[in-house]
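Taking it in order: structure first as structure tokens, then the write-up.
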Amino acid sequence: MNGDNIIFIEDELINSEGSSSCYFPPWKVLIVDDDDEVHAVTKLVLSNFQWEGSPLHFLSAYSANEAEQLFNTHNDIAVALIDVVMETDDAGLHLIKVIRNKINNKETRIILRTGQPGQAPERRIIREYDISDYKNKTELSGIKLDTLMCSSLRAYQNIVALKKNKHGLETIVKSSAILAESSTYHSLIHIAMNYLTQLLTQCTNNNAQNLSALSIVSKQNKLQLMDARGTLSTIKDIEKIADLPSNVSSIINQSLNEKRHIFVQHSLVLNMHNNTDNNILLYFEGFDSLTEQDVALLSLFATNTKAYLDNEKLRHALADGQREIVYLLGEAIERKSKETGNHIRRVAEITYVLALEMGYSVAEAEKIKSASPLHDLGKIGIPDYILHKPGELTPEEWSIMQSHVEIGYELVRHSEQDILKYSALISYQHHEKWDGSGYPNGLKGEEIDLVGRIASVADVFDALAHDRCYKKAWPMQDVLSFIEQQAGFHFDPQVIDAFRKQQNQIVAINNRYKDFY
């Protein structure tokens with residue numbers, strides 16, 4: 001979505017040339033002088049002054065100490081007219097140091113005024129403390145003061161805009177890092193809402209508590225509410241635009257029809273539209289008017305967020321395709337070995353449960369679950385007469401059978417895909433044993449990767465609980481007793497602890513996916 005997809009839809013935001021026009025609050029001007037007459041004359045001379053359509057709002061201080069208190073109270077003083085000599089000969093200069101260094105105000109434009117030219121500050125002071133001008137009080141009248149105020153307010157406005165843009169860009173960059181780490185579509189939208197709130201408060205100087213917001217997914221003319229905040233938090237479920245308040249529905253409807261962002265005086269919709277009939281809509285209201293720079297920042301944020309949403313959707317599509325291929329390949333291998341497809345379903349589900357219990361994130365547990373169907377991938381290279389032999393294998397046949405772990409490992413070990421990386425580990429290590437008596441490498445304890453230790457428990461449990469060509473299924477109680485007895489021998493004791501905690505769920509998985517032939 002580019003800049004052409006932006007529209008302002010309220011007349012009061014459009015001037016005759018068609019560019020956006022925004023209302024600014026009165027510009028705060030602080031007069032710091034110990035002479036009442038100076039305050040009165042300055043206000044009189046500037047009484048009709050306006051900049052960008054907004055008048056001046058005067059603040060008065062009669063000492064450096066009073067001025068410091070006002071700066072601590074007001075963070076939006078545009079211009080300060082400061083007398084050099086007040087309670088001390090250099091009170092004004094000391095005040096400027098406080099403004100720039102202690103209060104850390106770099107935006108206010110400072111004009112030094114003096115009735116005693118001999119008290120002029122050193123050039124170093126003017127440059128070091130960013131003083132806009134130094135004038136005799138007799139010079140500041142009529143057109144000169146008007147001109148000075150124009151240049152000072154223009155400079156202040158530009159500095160504030162640059163600072164706001166800097167903070168806005170920093171927010172967008174920060175949001176990019178967090179969005180990149182998000183693992184679900186819903187969390188992406190939630191994060192986008194949080195950062196858009198932050199960006200709007202930076203653009204408009206509004207308190208985040210004053211903002212109300214909705215995030216909506218629109219797909220095939222149906223709406224799904226993802227999040228509701230502020231005064232809109234009472235909205236719980238929506239199916240169509242008519243379910244929304246009238247002021248919200250009108251702007252949402254226009255955004256959907258025109259497939260674009262819409263900015264009005266106190267509300268906006270960012271429309272992350274893609275090539276399918278699918279839109280993510282972020283609606284906000286309750287803020288002050290936006291400038292063109294604000295609109296540019298918000299549009300950049302929307303473009304950036306849309307890229308992550310599109311990438312997340314593509315990533316899920318690729319991951320789903322990869323999982324489906326892995327599953328189908330695993331099922332083909334199980335059919336070759338005359339085991340049921342439900343074996344890989346059960347092993348996958350049990351591995352997922354154990355991975356979560358062992359501390360893996362949901363995202364990583366999903367990958368492990370998707371990888372587990374290839375635990376016996378190497379059986380594709382084992383002759384059928386060995387795979388299907390009903391009796392005990394000879395030492396030579398057993399050696400060939402054991403080679404399936406290396407065959408499977410070699411088939412996928414060079415892949416850069418996370419699921420196949422897990423598949424390689426599981427294929428290679430799920431016959432290793434905690435006490436070092438397993439194969440192919442006799443790994444012991446934590447030399448075996450945790451995913452291998454998890455898959456080992458899941459595979460053995462399922463193999464014992466179901467018929468094989470060489471054995472009948474064991475009673476469930478015997479299976480569970482064997483698993484417990486093998487803690488510290490065949491299995492990692494910590495994985496068995498996890499198995500014990502999730503035993504009811506694991507048995508339920510076993511019952512849910514009964515063999516169907």
Counting Lys and Arg as +1 and Asp and Glu as -1, each charge on the Cβ, what is the dipole of the chain about the Cα centre in debye, to the nearest 20?
-> 680 debye
Degrees separating the helix 362-371 axis from the principal Cα axis of the chain, which is the longest one | 30 degrees
Once normalised by the length of the chain, the mean sequence separation of its alpha carbon contacts under 8 Å that are 6 or more apart gives a contact order in percent of 9 percent
Counting each DSSP H run of 4 or more residues in the chain as -39500 (n - 2.57), what helix-only mean residue ellipticity at 222 nm follows after dividing by all residues, to the nearest 500 deg cm²/dmol?
-> -16000 deg cm²/dmol
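Mind scanning Lys164/Lys219; Lys259/Lys306; Lys222/Lys367; Lys369/Lys472; Lys102/Lys144; Lys367/Lys472 and naming the pairs with a C-alpha gap bigger than 24 Å?
Details: Lys164/Lys219 35 Å; Lys259/Lys306 13 Å; Lys222/Lys367 31 Å; Lys369/Lys472 26 Å; Lys102/Lys144 31 Å; Lys367/Lys472 32 Å.
Violating the 24 Å limit, Cα to Cα: Lys164/Lys219; Lys222/Lys367; Lys369/Lys472; Lys102/Lys144; Lys367/Lys472.
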Any aspartates and glutamates whose Cα falls less than 16 Å from that of Lys313, other than same-chain ones fewer than 8 residues away, would be Glu181, Asp277
Quick one: helix 292-336 against the long Cα principal axis of the chain, what's the angle to the nearest 10°, folded into 0 to 90?
-> 0 degrees
Could you work out how far the C-alpha centroid of segment 360-405 sits from that of segment 58-87, in angstrom?
-> 80 Å
Between Arg109 and residues 5 or more places away or on another chain, which pairs have amide H atoms under 5 Å apart, with H built 1.01 Å from N, and which residues are they?
-> Val79, Ala80
Calculating semi-axes √(5λ) of the Cα gyration tensor in Å from this structure picks out, from (i) 48, 31, 21; (ii) 72, 28, 18; (iii) 42, 31, 20, entry (ii)
How do the peptides 254-263, 471-480, 411-420 rank, highest first, by the average count of neighbouring beta carbon atoms within 10 Å per residue?
-> 254-263, 411-420, 471-480
Grab the Cα-Cα distance for Ile241 and Glu392, subtract it from 0.36 nm times how many residues apart they are, and report the gain in nm with one decimal.
-> 47.5 nm
Calculate how steeply helix 142-181 sits against the longest principal axis of the alpha-carbon atoms of the chain, using the helix alpha-carbon long axis, and give the answer as 0 to 90 degrees to the nearest 10.
-> 10 degrees
Which shape class applies to segment 182-313: rounded if a/c is under 1.5, otherwise prolate when a/b exceeds b/c and oblate if not, where a ≥ b ≥ c are the square roots of the Cα gyration tensor eigenvalues?
-> rounded
log10 I(q)/I(0), Debye, Cα-only segment 24-159, no solvent, q = 0.10, 0.13, 0.14 Å⁻¹?
-> -0.27, -0.48, -0.56
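Would segment 427-517 count as rounded, prolate or oblate if I go by the C-alpha gyration tensor, calling it rounded below 1.5 in a/c and otherwise prolate when a/b exceeds b/c, oblate otherwise? Don't skip to the answer; put the middle values down first.
Working: a/c = 1.96, a/b = 1.50, b/c = 1.31.
Cα axes put segment 427-517 in the prolate bin.
Could you tell me which of rounded, prolate or oblate describes segment 348-391, using a ≥ b ≥ c as the square roots of the eigenvalues of the alpha-carbon gyration tensor, with rounded for a/c under 1.5 and, failing that, prolate when a/b is larger than b/c and oblate otherwise? Walk me through the numbers before you get to the answer.
Working: a/c = 5.37, a/b = 2.86, b/c = 1.88.
Since a/c reaches 1.5 and a/b is larger than b/c, the shape of segment 348-391 is classed as prolate.
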Measure off 7 Å from each Cα along the Cα-to-Cβ vector at Ser54 and Gln494, then give the distance between these two points in nanometres to one decimal.
-> 5.9 nm
The chain - share of DSSP beta bridges that are antiparallel (%, nearest 5) = 55 percent
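A short reminder: the numbers here are calculations on the coordinates, not readings from a lab. These numbers come from a predicted model, not from an experiment. Positions of Cβ are generated from backbone atoms using ideal geometry, with glycine treated the same way; all protein chains shown enter the neighbour counts.
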